[in-house]
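> The structure's right below; bear with me while I get my questions together.
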Amino acid sequence: LFLGDAYVWGGRSSLQRKPGWGVDCSGLTNLAYRSVGLLIPRDAEAQFRKARPLRRRDLQVGDLVFLTRSAQSPRINHVLLYAGSDGLLESSEAGGRTLRTTFLDRFGRALERIESGDLVTDRTKRAPLRRRIHFGRFLT
């Protein structure tokens, strides 16, 4: 439903009925969970704090993938939806829209080579950025 929608910081609306509507990363995850009757916090940092930590081998479709601001910062500032296999869904400021991507495209490593807590290289930035990755789940 949200694929192709514009990235709008603080956005939590879809269908692009008028300019300026769109979603940011945590708005996308919040709306996706609401669409199946689950209420989760609005912001990525709060979602991270409330989610149950996971190991890679326990990831299931719909789980969340969190990224820290930088390798040195513990603060979470981005969240993506795990889409199964090597797939991810995200609303990306760098991409300017909601899109489908893969761990391999995004980080240069397939999911099978990434563990929760690892440092990864975010390849969507002009200059590659090292960030820490974490996996989480909300219980139904």
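> I need to check one value: relative contact order of the chain, counting alpha carbon pairs closer than 8 Å and at least 6 residues apart, in percent.
Working: 304 pairs, mean separation 34.6, N = 140.
It rounds to 25 percent for the chain.
> Additional query: What FRET efficiency comes out for R56 versus D105 if R0 is 22 angstrom and r is the Cβ-Cβ distance? Round to the nearest 0.05. If you can, show how the numbers build up before the last one.
Values: r = 18 Å, r/R0 = 0.80.
Efficiency, rounded to the nearest 0.05: 0.80.
> Another one. Would you mind working out the magnitude of the charge dipole of the stretch 66-129 relative to its Cα centre, with +1 at each Lys and Arg C-beta and -1 at each Asp and Glu C-beta, to the nearest 20 Debye?
Numbers: 10 positive and 8 negative charges, 55 e Å.
Charge dipole, the stretch 66-129, about its Cα centre: 260 debye, nearest 20.
> Farthest toward the dipole's positive end in the chain, which of V65, G136, P41, given Cβ charges of +1 (Lys, Arg) and -1 (Asp, Glu) about the Cα centre?
Sorting the options by dipole projection puts first P41.
> Next question. For the chain, what is the mean residue ellipticity at 222 nm derived from helices alone (per DSSP H run of n ≥ 4: -39500 (n - 2.57); sum divided by total residues; nearest 500 deg cm²/dmol)?
Numbers: 3 runs with 22 residues, N = 140.
Calculated from helices alone, the mean residue ellipticity at 222 nm is -4000 deg cm²/dmol.
> Quick one: putting +1 on the C-beta of Lys and Arg, -1 on the C-beta of Asp and Glu, what dipole do you get for the stretch 93-140 around its Cα centre, in Debye to the nearest 20?
Values: 12 positive and 6 negative charges, 36 e Å.
Around 180 debye, computed over the stretch 93-140.
> Just how far, in whole angstrom, is the stretch 120-140 from the stretch 37-114 if you go by their alpha carbon centroids?
6 Å
> Using packing as a proxy for protection, rank 125-138, 84-97 so that the peptide with the highest average count of other Cβ atoms within 10 Å comes first.
Details: 125-138: 16.1, 84-97: 17.6.
Ranking, from highest mean packing down: 84-97, 125-138.
> In debye, nearest 20, what is the charge dipole magnitude of the chain about its Cα centre with +1 on Lys and Arg Cβ and -1 on Asp and Glu Cβ, if you could check? Spell out each step's value before the answer.
Numbers: 25 positive and 14 negative charges, 48 e Å.
Dipole about the Cα centre, nearest 20: 240 debye.
We did not get these values from a lab; they are worked out from the coordinates using the rules stated. Since this is a predicted model, take the numbers as computed values, not measurements. We place every Cβ from the backbone using ideal geometry, glycine too, and count neighbours over all the protein chains shown.
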